[in-house]
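First up is the structure itself, then whatever we jot down about it.
The values are calculated or read from the model by the stated rules, or taken from the named source; none is laboratory data. Please read all numbers here as calculations on a predicted model, not as lab measurements. Every residue, glycine among them, receives a Cβ derived from its backbone with ideal geometry; neighbour counts consider all protein chains shown.
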């Protein structure tokens, strides 16, 4: 038996049989139009492999490869058709009209031995045996492709159609600033309106669609061919007519004709996603296919018939251009064919809805096609790839184009392989940092006006051609590099041209043997194609439950729709697996807080993800003990703290309100292996440890007390913060949730925040424990838990972006953990979302330290101008990217958003923020040349108003750290006037900083958390005091703040 590869095991360079289909009823036709068995071989290595003398072997046959090579990363499909015995006088190896190889054996549908042997007869890969197969379900090695792209499709390139030799244009330092700029692919396609039609008179009787495909692919079965481009497909020669008038005769025929095949191709533009119904009226049979490279749609009527309709409704995923192919055949008698379409769902003809495809004058879908004659392949097959059309610059002028694509490599020593992938028409020479590294269809000594030495078809041009550059790794340099391509057309007036390079380090990871719900012949068998066990379903939903009378239980059933699957579940927060957990054999009964995690498994199927459901009982939460079962008594050197304080839960002022308090806010339930939190390497046991090494997998559930919205998602979990990581200040820790492909979706898509303008998709979320503003060894009686959220909402009220937040109750593995502030983190993804650009273009700094992949180069450039002085108008405007008169100067980088900065400063001056500005701040800036100036965000601002400060505190004299620009700016009269304008707007005429607006904003937040404070008091109120802080303490501090605000009015 072939050893199943462990998850994410690096495949070596050995060729393998990556996929097979032993019962191919309708998935992949071969070049004869037959649905033969097939297998796929793949070279995951960085070098080409010569397969001369290699063999494929099944249970009773051996088939030798001809002299062929398998390129690096290449996939090749071979049909197992027993040498195509249906073809007259087959040869071994048989090659069909499309160039596919055919073995001398077929694959056994009930499973058999299958192996790949090298030229010495050594088995390099085998299935011993593969299991019984199912029709149109493939089987093979699951794969994950890890690609580090240095040059990617769609990248911006500099290009030149030369009129003379430009010199050493392939060198890294060559000045290409005067060349044109465009995104790849570069090229052009010579398309015309309508469909391209081939009408083939057959030399055999054509009584079935399978025969029609054989006629198309075998010149020996064709008597003659007539071709044309036509606006619409509305042919009629004899017999009954279709729905539309103005019929055209089939190309080359008039009157009755028997036994012919029509192939119509083109590119149809579908203006909107959704349901589209295509209809074909035909006499006789036909097939219709639409494809955009990812999605495939088809319908057919394979046997002869009198004139009749066939309809199919396709769920088009998005607007775009789709390749269209219709094959029609006529056996005998009357002949006609029409192709029409309508948006929506239809099962019969509706003259008011349907229009002929191509009849744009009457509302029909637009279609274009390759000219049936002319130079080149026409480019119809790759027109959809072209991002920059260069026809006007190139056609009829020069067959050569020079292309430069810069890229960066941080450390070339870390690159283990390098692959150049090319789609091109018709030839090229590639250079890496001035060194030639690859060529195809190029003259020996190409000149600035050279032509390609051979012409390529559209099919050849659109297939990736891989070239290993691993022998040229020494050509890479640390920092800036350049890939240069001398692209060549076959002739100056050729009708099509294409150059699309990709440069990457590609690693293939083996993920075990699997069935695949979607076959991927010629491509990697990545996880989205696997045959999966259907997800588990729970009969009871997550949430809060009341205790049943003694002896009664809730009954939880877990099911999957996959026959023969096994379900494993756990009750301790750990992750179930095929070897861990309890096998589900019947309903789970419970009557107490219970966390259930379940997975379903079946051999050769991808298992389900882990489904997690938390069932919370009020009685258990309120009476949460000192030493709950399954949890350690200490967190490292700190005594564990789990108990809900009896002094609160038994207090008659609060005991009857606790259930209401627990339902006053949404609940977040975090569930993970207990050791991930509290084991020797747990993040709670080691709270000061930072970075990805201290990130643990977790389940996150959102439970709405109203039962109207919920989610469960798997994510990464870290401890977050600065000084309050340590146990000396608090035992209640802040968490960070990270949404990554390692665990589940790469974003959380959920409306966490209901404020105007708040987004609903997140890379990361912070669950703030309170820090300074908490009942710990710092906040004590002044604690409000809402100060930081209030300061961020104040910045929003001033009209500036800031991190949105809300409040939740948090549970860890079913234990209540307290009141938390769930908030966005103003890092690079936040900036890209609320401003513009991609997150990779933004730098975000936390108190001066770069976050993620950010750097400080732009920040330092801004500070350099600050330190040079901003008192004069020229300097003041330059840091904003302007001329002295305030008009934009493209030569200057916009490094400071002054209006944003003023409002940021104003909010902190208004709140008298303590423990600032030397830290507790975030900034973000899109890198030049697209910069719009640094943006400033309130963060960790709980030192305002009461805990570190008071409403009478004056911090307007700050001049360091994030306030350093302010120290320079206030020397500028224009800035001082602008600051005064902002202050006046905010402080008068019902502005957001008036006493009334501020009072209302604070009161709204206080009302939101007031009931929840009772539960927080029971959980953490005794952390820094023998007698717990309670709602009464919180209300006193709240009233102090509100009275101060009222007095200010």
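Data for the structure
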{"item": "Test: residue in segment 52-64 that is at pLDDT below 90 and either under 30 Å from residue 503 (Cβ atoms) or surrounded by fewer than 18 Cβ atoms within 10 Å (Cβ to Cβ) (or both)", "result": "yes"}
{"item": "Count of segment 333-352 residues which are in a loop (DSSP other than H, G, I, E, B), within 17 Å of residue 242 (Cα to Cα) and in contact (Cβ under 8 Å) with a residue 24 or more places away in the chain", "result": "6"}
{"item": "Set 458, 474: member being surrounded by fewer than 22 Cβ atoms within 10 Å (Cβ to Cβ), out of contact with any strand residue (DSSP E or B) (no Cβ under 9 Å at 6 or more places or on another chain) and modelled with pLDDT under 95", "result": "474"}
{"item": "Residues within segment 832-842 that are outside any loop (DSSP other than H, G, I, E, B) and either more than 22 Å from residue 691 (Cβ to Cβ) or in contact with a helix residue (DSSP H, G or I) (Cβ under 7 Å, 6 or more places away or on another chain) (or both), tallied", "result": "6"}
{"item": "Residue that is surrounded by the most Cβ atoms within 10 Å (Cβ to Cβ) [pool: residues in segment 365-390 that are at pLDDT 90 or above and not in a loop (DSSP other than H, G, I, E, B)]", "result": "367"}
{"item": "Neighbours by Cβ (under 8 Å, 6+ apart or cross-chain): first from segment 190-215, free of Cβ contacts under 8 Å to residues at least 40 places away in the same chain; second not in a strand (DSSP E or B)", "result": "203/220; 203/221"}
{"item": "Matching residues in segment 155-173 - criterion: being loosely packed, with under 15 Cβ neighbours inside 10 Å and part of a strand (DSSP E or B)", "result": "156"}
{"item": "Subset of segment 707-723 [without any contact (Cβ under 8 Å) to a residue 60 or more places away in the chain and within 25 Å of residue 662 (Cβ to Cβ)]", "result": "708, 709, 711, 713, 715, 717, 719, 720"}
{"item": "Matching residues, segment 961-996, being under 14 Å from residue 907 (Cβ atoms) and either surrounded by fewer than 17 Cβ atoms within 10 Å (Cβ to Cβ) or free of Cβ contacts under 8 Å to residues at least 24 places away in the same chain (or both)", "result": "985, 987, 991"}
{"item": "Residues satisfying the stated conditions in segment 554-576, i.e. outside any strand (DSSP E or B) and under 14 Å from residue 672 (Cα atoms)", "result": "571, 572, 573, 574, 575, 576"}
{"item": "Segment 1028-1049, residues that are modelled with pLDDT of 95 or more and not in a helix (DSSP H, G or I)", "result": "1028, 1029, 1030"}
{"item": "Test: residue in segment 843-850 that is closer than 22 Å to residue 938 by Cα and assigned to a helix (DSSP H, G or I)", "result": "no"}
{"item": "Answer residue from segment 679-704, given it is in a loop (DSSP other than H, G, I, E, B) and in contact with a strand residue (DSSP E or B) (Cβ under 7 Å, 6 or more places away or on another chain) and is farthest from residue 598 (Cα to Cα) among those", "result": "687"}
{"item": "Output for segment 909-923, where each listed residue is crowded, with 20+ Cβ neighbours inside 10 Å, under 12 Å from residue 962 (Cα atoms) and in contact (Cβ under 8 Å) with a residue 60 or more places away in the chain", "result": "920, 921, 922, 923"}
{"item": "From the options 1012, 993, 968, residue that is over 28 Å from residue 900 (Cβ atoms) and in contact with a helix residue (DSSP H, G or I) (Cβ under 9 Å, 6 or more places away or on another chain)", "result": "1012"}
{"item": "From 32, 50, 37, residue being touching a helix residue (DSSP H, G or I) at 6+ places or on another chain (Cβ under 7 Å) and closer than 25 Å to residue 460 by Cα", "result": "32"}
{"item": "Selected residue (criterion: modelled with the lowest pLDDT) from residues of segment 188-208 that are under 28 Å from residue 351 (Cβ atoms) and crowded, with 19+ Cβ neighbours inside 10 Å", "result": "196"}
{"item": "Subset of segment 531-553 (residues that are assigned to a strand (DSSP E or B), surrounded by fewer than 19 Cβ atoms within 10 Å (Cβ to Cβ) and out of contact with any helix residue (DSSP H, G or I) (no Cβ under 8 Å at 6 or more places or on another chain))", "result": "537, 538, 543"}
{"item": "Selected residue [surrounded by fewer than 20 Cβ atoms within 10 Å (Cβ to Cβ) and at pLDDT 95 or above] from 697, 745", "result": "697"}
{"item": "Qualifying positions in segment 855-875 - in contact with a helix residue (DSSP H, G or I) (Cβ under 6 Å, 6 or more places away or on another chain) and buried (at least 20 other Cβ atoms within 10 Å of the Cβ)", "result": "870"}
{"item": "Qualifying residue in segment 444-460 (condition: part of a strand (DSSP E or B) and either closer than 21 Å to residue 184 by Cα or outside the structural domain of residue 171 (by TED's automatic domain parsing) (or both))", "result": "no"}
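For (1) buried (at least 22 other Cβ atoms within 10 Å of the Cβ); (2) at pLDDT 95 or above; (3) touching a strand residue (DSSP E or B) at 6+ places or on another chain (Cβ under 8 Å); (4) over 30 Å from residue 986 (Cα atoms), each residue gets a yes or a no:
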| position | (1), (2), (3), (4) |
| --- | --- |
| 734 | yes, yes, yes, yes |
| 740 | no, no, yes, yes |
| 792 | yes, yes, yes, no |
| 799 | no, yes, no, no |
| 803 | yes, yes, yes, no |
| 812 | yes, yes, yes, yes |
| 821 | yes, yes, yes, no |
| 824 | yes, yes, yes, no |
